[in-house]
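Everything on this sheet refers to the single structure shown next.
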Amino acid sequence: METEKTEKEDAAPQPYVASYNFIASGGDQLSFSSGDALLVHAKPSSVWWWAELRGVTGYVPASYLCQSGDAEGDDISTEDPWQDEEYFGSYGTLRLHLEMLSDKSRTETYRRAVVSNSVSLTNKVVMDLGCGTGVISLFCAQLARPSLVYAVEASSMAEYTRQLVKQNGCEEVVTVLQGRGEEVELPEKVDLLVSEWMGNCLVFEFMVESVLSARDRWLREGGVMWPSSAVLVLVPCQAHDYFAEKMAFWECPYGLDFTPLQPLAQQEFFTKPKFSHVIEPSDCLADPCDVICLNMYTLQIKDLEEITGQFHFPVETSGTFHGFTAWFAVYFESLEVGGATVELNTGPHSEPTHWKQTLFMLDKPVSLNVGDCVTGIIVLRRNPVWRRHMSVTLDWNIISDADKCQAKRDKDLPDVEVTESALAGEVVRSVNKVQQRRSYQDIKCCE
């Protein structure tokens, strides 16, 4: 890795300007502020570049930089910050719709919500935002008796949805409208706004903004949102197979020592979350915790810029702490008096869904024992330029059970904590609270 860097640094560096701030989360990354002039020496991947700022070098996220000639942001301003062509283009083909419709847990949950509230939906006006092939709209039309269902779809799939509505004999109830939720016009307010807006780790892709915009424009006072609330769930976990596949592999392939490639492997495989991860319940080192809760009636668009949650995990199972796994659950409140709330949970203790779970790997694994505590915060930060991208930052402490007992015995140092650094792989004793940080930068909507 060092040889590769040295060779590439011999080439003439390219000047770039930072589009916005970046805070390094590891010793080999470089912090900078918006407007800083950097020299890029090497581009080992499309995501991370090797750059220099005021004599200091390190890895920087490529998407945070623009070439110095574009410092005024001309290139960015002419691009679509929502990447609608790419995003809606992916929903104009059958691949994603096949995946979603094949997800029985997801689709049956929406049908169950409709069936359990069929009486209360009689003569109501419904908006199905991001309707895709229109399956939820068809559930409403066939299983309840709404007066009208507005099926709104921004992608080219809308034309096929009209055919499906007619094919299933629902054209007198379901009206298909093609357009974004922020722009579509309805002739009236609606009593129920239903949408399947969730992405990996709950908010990836930020379709939720379209839902909130439609809510503010078209939901009648006292109307109902489905889902009505949502939570992001987190747990510290083991990931032996993935760690062995991506990191331990380099220790002795074919009897050779390839360990110099491990820093490159860490940078390539562990600086982004692993989507479609499947965690076994036995790999959870603590009870899962709801770290972020969204109330779909009170959540505001401006709140999406930065969402913060806290966690406190008493370790229940001794093992190797490889990272954090995240999933989500959403809830559909009942329209019936005394009716039960319907839940869709994408975690390992529920029926599998196409979302599966999302794994955030640490740079280096850490041993945890029963009685230890992992505490900290998670921050979901929206990209200020590319509106469907986001970064996730995790700050945490590991407090060992033995040192909590020692702190109680030590009257002179009652607040002593032992913090084990997952980044440096060392134990540091301090009277101050020391947080370890891991940041996963510029997660793209279509990854």
Has segment 387-395 got at least one residue that is modelled with pLDDT of 50 or more, open to solvent by 30 Å² or more (accessible area, probe 1.4 Å) and more than 23 Å from Asp290 (Cα to Cα)? yes
How about segment 343-383: which of its residues are of a type in the set (Asp, Glu) and farther than 30 Å from Glu333 by Cα? Asp363, Asp372
For the structure I just gave you, tell me whether Ser213 is surrounded by fewer than 19 Cβ atoms within 10 Å (Cβ to Cβ) and in a strand (DSSP E or B). no
Among the residues of segment 225-243 satisfying the criterion of being in contact (Cβ under 8 Å) with a residue 12 or more places away in the chain and open to solvent by 20 Å² or more (accessible area, probe 1.4 Å), which is nearest to the chain's Cα centre (by Cα)? Ser229
Out of Gly222, Gly199, I need the residue that is surrounded by fewer than 20 Cβ atoms within 10 Å (Cβ to Cβ), without any contact (Cβ under 8 Å) to a residue 24 or more places away in the chain and among the small types (Gly, Ala, Ser). Which one? Gly222
Here are some conditions: (1) within 25 Å of the chain's Cα centre (by Cα); (2) of a type in the set (Phe, Trp, Tyr); (3) buried (at least 22 other Cβ atoms within 10 Å of the Cβ). Tyr150 meets all but one. Which one does it not meet? (1)
Can you tell me how many residues in segment 249-285 are more than 21 Å from the chain's Cα centre (by Cα), open to solvent by 30 Å² or more (accessible area, probe 1.4 Å) and among the small types (Gly, Ala, Ser)? 2
Just to be sure before I move on: is Leu148 more than 23 Å from Asp84 (Cβ to Cβ) and in contact with a Pro (Cβ under 7 Å, 6 or more places away or on another chain) in the structure I sent? no
Among the residues of segment 358-366, are any open to solvent by 10 Å² or more (accessible area, probe 1.4 Å) and out of contact with any strand residue (DSSP E or B) (no Cβ under 6 Å at 6 or more places or on another chain)? yes
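Matching residues to (1) closer than 25 Å to Trp355 by Cα; (2) part of a strand (DSSP E or B); (3) among the aromatic types (Phe, Trp, Tyr):
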| position | (1), (2), (3) |
| --- | --- |
| Trp197 | yes, no, yes |
| Glu221 | no, yes, no |
| Asp257 | no, no, no |
| Gln266 | yes, no, no |
Test Ala424 against the stated conditions and say whether it is open to solvent by 20 Å² or more (accessible area, probe 1.4 Å), modelled with pLDDT under 90, aliphatic (A, V, I, L, M) and assigned by the TED database to the domain that holds Gly309. no
Among the residues in segment 155-162, are any open to solvent by less than 10 Å² (accessible area, probe 1.4 Å), touching a strand residue (DSSP E or B) at 6+ places or on another chain (Cβ under 9 Å) and hydroxyl-bearing (Ser, Thr, Tyr)? yes
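The values are calculated or read from the model by the stated rules, or taken from the named source; none is laboratory data. None of the values given here were measured: they were computed from a predicted structure. Note that we place each Cβ from the backbone using ideal geometry, even for glycine, and neighbour counts take in every protein chain shown. Note: accessible area is taken over every heavy atom of the protein model, side chains too, but ligands, DNA and RNA are not part of it. Shrake-Rupley method; radii C 1.70, N 1.55, O 1.52, S 1.80 Å.
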